Amino acid sequence: MLRVRMFRDHRQLFSGTAAQVVLPSSEGEVAVLEFHAPMLCALAEGEVQIDEQRVAVRRGIARVGSNQVTIIARG
C-alpha cells in the first residue's frame, strides 16, 4: 500500500493509505502503484485520483518515494 498525504490550498484533504494514485502531471497522467520509482512532478489542471476518490486541482507538485506520495496542490 501507498501512504498518501494530499494538501490543497493549505488544508490537508487526505491522509491515509491507497492502492493507486493517478496524477495529472504536466507530461500526461501518471499512475503510481506500490514500489514506484522515486519522482517529483509538476501537476497540471485536472483530477488527482486516490483509489476511487477524485479531487480537482489547477496546479501543484507531487513527490513519490519509498511507497509515499505527497501532493501539494491549488484548487
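As a rough guide to protection, the peptides 5-14, 41-50 ranked by mean Cβ packing within 10 Å, highest first, stand as 41-50, 5-14. Projecting the Cα atoms of Q20, V57, H36 onto the charge dipole of the chain, computed from C-beta unit charges around the Cα centre, puts V57 farthest toward the positive end.
Across every direction, the projection of the convex hull enclosing the Cα atoms of the chain has a mean area of 4.0 nm². Phi-derived couplings, Karplus 6.51 cos²θ - 1.76 cosθ + 1.60 at θ = phi - 60°, listed residue by residue for segment 31-45: 9, 10, 10, 4, 6, 4, 4, x, 7, 10, 9, 7, 9, 9, 5 Hz, with x used for Gly and Pro.
Charging the Cβ of each Asp and Glu at -1 and of each Lys and Arg at +1, and nothing else, the dipole of segment 2-74 about its Cα centre rounds to 360 debye.
For S25, the amide hydrogen comes within under 5 Å of the amide hydrogens of V30, A44, counting only partners 5 or more places away or on other chains and with H modelled in the peptide plane. Summing charges over neighbours of E47, with a neighbour being any other residue whose Cβ is under 14 Å away from its Cβ, gives +1 when K and R count +1 and D and E count -1.
None of the figures in this text is laboratory data; all of them are computed from the coordinates on show. Bear in mind the structure is a predicted one, so any value in this text is a computation, not a measurement. Cβ sites come from the backbone with ideal geometry, for glycine too, and all protein chains shown count toward neighbours.
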